[in-house]
Amino acid sequence: MKDKIKEIETGALAEIAVVSNGEALEKLRIKYLGRKGLVTELFKKMGEVRPEDKGEIGRLINALKSGVTKAIDEKISGVSAPGDPKKERTDVTLPGISKELGTIHPVSGTIKEICDIFISLGFRVVEGPEIESEHYNFEALNIPLEHPSRDAFDTFYLADKWLLRSHTSPVQARYMEKNKPPLAIVIPGKVYRPDATDASHSFMFHQVEGLAVGPAIRFSDLKGVLTTFAKRMFGEGIKMRFRPSFFPFTEPSAEVDISCILCRGSIEHVHGHGRCSLCGGKGWLEILGAGMVNPKVFKNVGYDPAKVTGFAFGMGVERITILKYGVTDIRMFFENDLRMLKQF
């Protein structure tokens, strides 16, 4: 039995010493230490050993097992594992593996395009928190407690008068509190409203809002800025119109429309046959809301409304993207369907 133990030890250490790869080393481990391995078989033959020799033979077999295990463990770091690309030879004749590059999401691309236009007009991009207080989301913007937008059905409320912001306007108030006029900023970001999801609504969407404050800023300045934006965004042939509206944080306020980018407001589509699928035959598309900053907002942030005036505007990025690229359903932006996203 002693001779057998010595023979197995010599053979095992010799084979382990010359092995060159992980796969072969694993085979040796199974050969000697596996359930049916040579060392394991020695333990099974202990019943054949004389009682007075069992102690010594048992120690020799355990020493053999420990020695083989140690030799294998030491060898592991020096050989390549099966399939290890660092140790395997590279076949340079094989064709290369191409990596598919991603692209900018259409919504992200539109945000960048909008911001770039306003940066060229002298605006600065700023951002703010998506979790807001009631003060900045409503009160600082002259939105009274009884306003419908403050109802629990129209806002995602959190604990202790905190909420998911329903527009990016709170950043306007935050920025004015910390900066003196003149200033011109645009604010991109996510906003949240508990709307039922359908082809034109989502509980989360993106906005870009703008604010300009300084001495003697007029409504004509607002019209000039937005006209420049619309022409750069949708083309020089675009026409604009302003319709009277109401927003608590601007006075006067207006809804801004552009001429339909599909039918261009042609008489055939507006009054005749084959009504436009985009504008429904109206000839106009609403793109944003705007107005002169309400003096009450200036007072809330510490500005003197007798010394400064300003304008503000806000637009939904998904709507701009839908109009620009002809997307028919807002849900397509968030379904992660590569067939849709690869088009941009």
Checklist entry - In the stretch 96-189, which chymotrypsin sites (Phe, Trp or Tyr not before Pro) fall in coil by DSSP and have 10 or fewer other Cβ atoms within 10 Å? => result PHE153
Next on the checklist: Please give me the summed charge of the neighbours of ILE330: other residues whose Cβ is under 9 Å from its Cβ, Lys and Arg +1, Asp and Glu -1.
Outcome noted: -1
Checklist outcome for this item: Total charge of the residues flanking PRO148 in space, meaning their Cβ is under 14 Å from its Cβ, with Lys and Arg +1 and Asp and Glu -1, is -2
Next on the checklist: With 36 Å as the cut-off, how large is the P(r) tail for the chain, expressed as percent of Cα-Cα pairs?
Outcome noted: 49
Item to check | Proximal lysines to LYS27, defined as alpha-carbon separation beneath 29 angstrom and excluding residues fewer than eight positions away on the same chain | outcome: LYS2, LYS4, LYS6, LYS36, LYS44, LYS45, LYS65, LYS70, LYS75, LYS86, LYS87
Item to check | Magnitude of the charge dipole, the chain, Cβ model with Lys/Arg +1 and Asp/Glu -1, debye to 20 | outcome: 600
Checklist outcome for this item: With +1 on the Cβ of every Lys and Arg and -1 on the Cβ of every Asp and Glu, the dipole magnitude of the stretch 130-275 about its Cα centre, in debye rounded to the nearest 20, is 680
Item to check | Cross-link reach list, lysines versus LYS296, counting only Cα pairs under 18 Å and skipping chain neighbours closer than eight places | outcome: LYS178, LYS180, LYS307
Checklist entry - Size of the dipole of the stretch 25-73 about the Cα centre, Lys and Arg at +1 and Asp and Glu at -1 on the beta carbon, nothing else charged, in debye to 20? => result 240
Next on the checklist: Apply the a/c threshold of 1.5 to the C-alpha gyration tensor of the stretch 89-193 and tell me whether it is rounded, prolate or oblate.
Outcome noted: prolate
Checklist entry - Given the protein chains as shown and a 1.4 Å probe, how many square angstrom of LEU323 are accessible, to the nearest 10? => result 10
Checklist entry - Which of rounded, prolate, oblate describes the stretch 232-344, given a ≥ b ≥ c as roots of the alpha-carbon gyration tensor eigenvalues and a/c under 1.5 marking rounded, otherwise prolate only if a/b is larger than b/c? => result oblate
Checklist outcome for this item: Reported to the nearest 10 Å², LYS239 has, with a 1.4 Å probe, an accessible area equal to 140
Next on the checklist: Taking θ = phi - 60°, what integer Hz values does the Karplus form 6.51 cos²θ - 1.76 cosθ + 1.60 yield along the stretch 209-221, in sequence order, with x for Gly and Pro?
Outcome noted: 10, x, 8, 10, 9, x, x, 6, 6, 10, 5, 5, 5
Checklist entry - Which trypsin sites (Lys or Arg not before Pro) from the stretch 284-332 combine a DSSP loop assignment with at most 15 other Cβ atoms within 10 Å? => result LYS307
Checklist entry - Short version: ³J(HN,Hα) in whole Hz for each residue of the stretch 225-233, in order, from phi by Karplus 6.51 cos²θ - 1.76 cosθ + 1.60 (θ = phi - 60°), x for Gly and Pro, what are they? => result 5, 5, 5, 4, 4, 4, 5, 6, 7
Next on the checklist: With unit charges on the beta carbons (Lys and Arg positive, Asp and Glu negative) and the dipole taken about the Cα centre of the chain, which residue among ALA312, VAL126, ILE143 sits farthest to the positive side?
Outcome noted: VAL126
Next on the checklist: Can you tally the net charge around GLY122? Count Lys and Arg as +1, Asp and Glu as -1, for every other residue whose Cβ sits under 13 Å from the Cβ of GLY122.
Outcome noted: -1
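The values are calculated or read from the model by the stated rules, or taken from the named source; none is laboratory data. Here the structure is a predicted model, which is why all the values come from computation and not from measurement. Neighbour counts are summed over all protein chains in view; Cβ atoms, including those assigned to glycine, are modelled from backbone coordinates with ideal geometry. Each accessible area value is taken on the protein alone, full model and side chains, heavy atoms only, with ligands, DNA and RNA left out. Shrake-Rupley method; radii C 1.70, N 1.55, O 1.52, S 1.80 Å.
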